[in-house]
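Have a look at the structure below, then the notes.
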Amino acid sequence: MKQFQFIYENQNQFHEELIKIRQWQKTHITFCTIFQIFSELLNQDILSAICQIIEKELPEALYAGCSTNGNIMDGCVETKIVVVCTMTEYPSTQIELVQFPLNARNAVAVVQKIIAMVEKRPWVKAIEMLVTIRGMSMTDFCEELGKLPEQIKVFGGGAFSSDMDNEACVFSKNGNYSTEAAVFLMMGGEDLHLTTMHLTGWKPLGKKFLVTRAEGSILYELDGKPAYDAYYKYLNIRNDEHFFSNTLEFPFFYEHNGLNILRAPIASNADGSLTMTSDIEENVVARIAYGDPWTILEHIRRSGHKIQEFQPDLIRVYSCAARRTFWGMDEVSKETQPFQSIAPTSGFYTSGEFLRTNGYVNQHNVTLVIAAVREGEPAFSESLEFKMHEEQFSGKVSMINRLATFIEAATEELEEANKKLEFMAVSDGLTQLYNRREIERRIKLKLRESTRHPEKPLCLIMLDIDDFKQVNDIYGHKEGDNVIIGLSSLLRKGIPEHNPDVAVGRWGGEEFMLLVPYPLEYAKKAAEHIRQDFESILFKSGVGHRTISVGVTRLIPGEDSDAFCIRVDKALYQAKETGKNRVVVL
C-alpha cells in the first residue's frame, strides 16, 4: 500500500496535491484509491468542495470522512483538515464503501444490511466505521455487529463536534453530508492482512462499587447511593464548571464482554447522577481508574513492539477526545507519534472508539484503538524499529504510579481483612458453618421470597447428635468437638455448589439446621444420606461410630419462620423419642 497525507489549505493547493497523486499513479501500479478526510472544522461548504475536487480529478477514487475533535497526521495531532490518500498495490485487494442513515430506531436494521452484504462478499476481512453517535445508545448496534462472521475485524470511531450548536457529521462518495449516518468501509482480499488492538494505560484504583442503577448512559447509583458521591467522597471533586476536566484522569473501569472497559463522566446532574460518555450496565462491579503518563507510555511501548512485528504498510488510530484533553495539545502526540516510526500513521480524536475483540464489538471510551494494515507478506526490514524518545519515556516509575500501587495493595489487604471480618460475623467459630443468627436470617429471607414465588419448594432439615453428652462426659470436650467438626465437614461437603440458596448452620450445641430449596421428597432423601454417612464415620480415641436423629419438614404457605422452625424441631423430637438414629418427616 502507498499512502499520502497532507493538510487541506485551500482549493488551489488541494488541486495541486491531487495532480501529484495522479502523476505518481502513472508511474506505479495501483488498483483501489480511497481518500479519508478528517476535519475539526464543521464547515459543510468546505468539506463538500473537497469531495467535488476529488470527484473531478480522480473520479474512480472513493472518499469518506467525518468531523473530529482533532486529527492525527504523521502520528501527530493536527487541528487543520487532514486528507489521507491510500492506494492498494495488489490486484486481489478489494475495497467497497457504503453509507446508511443511522438513528436509534434503525440501528439494528442497518447492521443487518451490512451482515447481508458481507454474506455476498466472502472476500471481506475487515470493516472500518465512521459513525455519528451523539445522544444515541450504541448497545444494540454493537451487539448486532457481533453477529458478523468471527474472522471479520471491526474498528472505527464516532464523529465529534466540539460546537454544541452543531452536530457531528459523516460523509462519503456513497452518501451526502449527514448528522445521522454511518459510513462502512469493507476491505479484504487474499493479500490483505490486518491486526487490531486497544490500549488505555488507565488502571483501577481503590474501592469496588456495584452499579445499582443505570439507564443507558446515565449512571444513577453506586452501592445504592448517588453516583456523584463517589467522586466527591474519594477524590474531593466538586460539582462545578471544572467537573469534566477534573474527572478525565479518573474514569470508571469495569469488565464487559471479558474486557476492561472505561467509561468517563462528562457531567454531574442535579439528582447526583452522572452522564457517561457511553452506556454502562447495571449490576457490574466498577472502580475508579487513574491515568498516569508513565503507565500510558509503557503500554504504548509494549503495543508498538507488537505492531512492529506485524510490519504494517499503514496504521490507523482512533483516540478518544478525552485523551487529548488529558494530555493537552502540546503533549498528546507522545502516545501516537512513535507509531509513525513503523508506518504512516493517521486518524482522529473521537466521541467513542469501536473495536471487535473475542467476537464482541465494544464501544470504548478514553481508549486508543489501533488498526495496522499490510498487503502481501511482511518485509521484515531491519531498519524498521519502533522508537520512543528518551524524553517521552524515562524508564523511571512516576510518583503517582508508586502511590497508586501502594493504594492498590493496601486496598486489597483491607478488602481481604473485611471479608474475614464479615465471615467471622456470620459463622460459627468451631464448625465454620453459619452461626444461629445468620441461619435464622437466611430462613426469614427465603420466607419473604416465597411470598412472591409460592410455587417454589422450601424445606428445613434439623439434626442432633445422639447421646452427645456421653461423648463429652466419657471422652472429654476435645473429642466432643471432633465429633461436631466431623458432622459439620460432612454437611459442608454435601452443599450443592451450583445452588447458593442452600444454607447450613450450627443451631446450637450439637444441633444443626439445613435450609434447602427443594421438594420434600428430595429433602427426605438428603437427610437419610446424611444420617447413613455420619453413622459410617469412625472417630478415634475410642469414640467409635456415632449417630444422629433428623427432622424434616416443608414450608406451609403463609406460615412465619417461627412456626416453620417449631415444626422441624417437633420432627426432630419425634426422631429422638422413637429410638434415635432415624429421619422423621412432618
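Computed values, structure above
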item	result
Ser48 being farther than 30 Å from Gly328 by Cα and in contact with a Gly (Cβ under 7 Å, 6 or more places away or on another chain)	no
Number of the condition not met by Lys446 [criteria: (1) surrounded by 14 or more Cβ atoms within 10 Å (Cβ to Cβ); (2) on the phi > 0 side of the Ramachandran plot]	(2)
Count of residues meeting criterion [part of a helix (DSSP H, G or I) and either of a type in the set (Gly, Ala, Ser) or under 19 Å from Cys565 (Cα atoms) (or both)] in the range 421-451	17
Test result for Val131, of a type in the set (Val, Ile, Thr), more than 27 Å from Glu215 (Cβ to Cβ) and in contact with a strand residue (DSSP E or B) (Cβ under 6 Å, 6 or more places away or on another chain)	no
The lone exception for Ser217 - which of (1) crowded, with 19+ Cβ neighbours inside 10 Å; (2) closer than 24 Å to Val317 by Cβ it fails	(2)
Selection from the range 208-266 of residues that are free of Cβ contacts under 8 Å to residues at least 12 places away in the same chain and at positive phi	Asn236
Restricting the range 106-129 to residues that are part of a helix (DSSP H, G or I) and of a type in the set (D, E, K, R), the residue that is surrounded by the fewest Cβ atoms within 10 Å (Cβ to Cβ)	Glu119
Any chance Arg506 is under 22 Å from Ala425 (Cβ atoms), touching a residue at least 40 places away in the same chain (Cβ under 8 Å) and buried (at least 21 other Cβ atoms within 10 Å of the Cβ)	yes
Residues being without any contact (Cβ under 8 Å) to a residue 60 or more places away in the chain and of a type in the set (D, E, K, R) - total across the range 267-301	1
Only one of Leu210, Leu205, Leu235 that is touching a Lys or Arg at 6+ places or on another chain (Cβ under 9 Å) and not β-branched (Val, Ile, Thr)	Leu205
All strands (runs of 3 or more DSSP E) inside the range 1-91 with 2 or more residues being surrounded by fewer than 20 Cβ atoms within 10 Å (Cβ to Cβ) and of a type outside the set (Asp, Glu)	2-7
When residues of the range 92-105 are limited to those that are loosely packed, with under 15 Cβ neighbours inside 10 Å and outside any strand (DSSP E or B), the one modelled with the lowest pLDDT	Ala104
Index of the failed condition, Thr275 passing every other in (1) part of a strand (DSSP E or B); (2) surrounded by 20 or more Cβ atoms within 10 Å (Cβ to Cβ); (3) not assigned by TED's automatic domain parsing to the domain that holds Leu355	(2)
Per-region count, the range 352-384, residues under 19 Å from the mean Cα position of the chain (by Cα), surrounded by fewer than 24 Cβ atoms within 10 Å (Cβ to Cβ) and of a type in the set (Ser, Thr, Tyr)	2
Residue ID - farthest from the chain's Cα centre (by Cα), chosen from residues in the range 268-281 that are hydrophobic (A, V, I, L, M, F, W, C) and under 15 Å from Ala230 (Cβ atoms)	Leu274
Hits in the range 544-565 (condition: among the hydroxyl-bearing types (Ser, Thr, Tyr) and buried (at least 19 other Cβ atoms within 10 Å of the Cβ))	Ser549, Thr553
Criterion: within 29 Å of Glu143 (Cβ to Cβ) and surrounded by fewer than 21 Cβ atoms within 10 Å (Cβ to Cβ) - qualifying residue of Glu241, Glu255	Glu255
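Here's the yes/no breakdown for (1) of a type in the set (Phe, Trp, Tyr); (2) under 30 Å from Asp240 (Cα atoms); (3) in a strand (DSSP E or B):
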{"site": "Ile288", "(1), (2), (3)": "no, yes, yes"}
{"site": "Ile296", "(1), (2), (3)": "no, yes, no"}
{"site": "Ile300", "(1), (2), (3)": "no, no, no"}
{"site": "Val369", "(1), (2), (3)": "no, no, yes"}
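The values are calculated or read from the model by the stated rules, or taken from the named source; none is laboratory data. Source: prediction; values computed, not measured. Cβ atoms come from the backbone with ideal geometry, glycine included; neighbour counts cover every protein chain shown.
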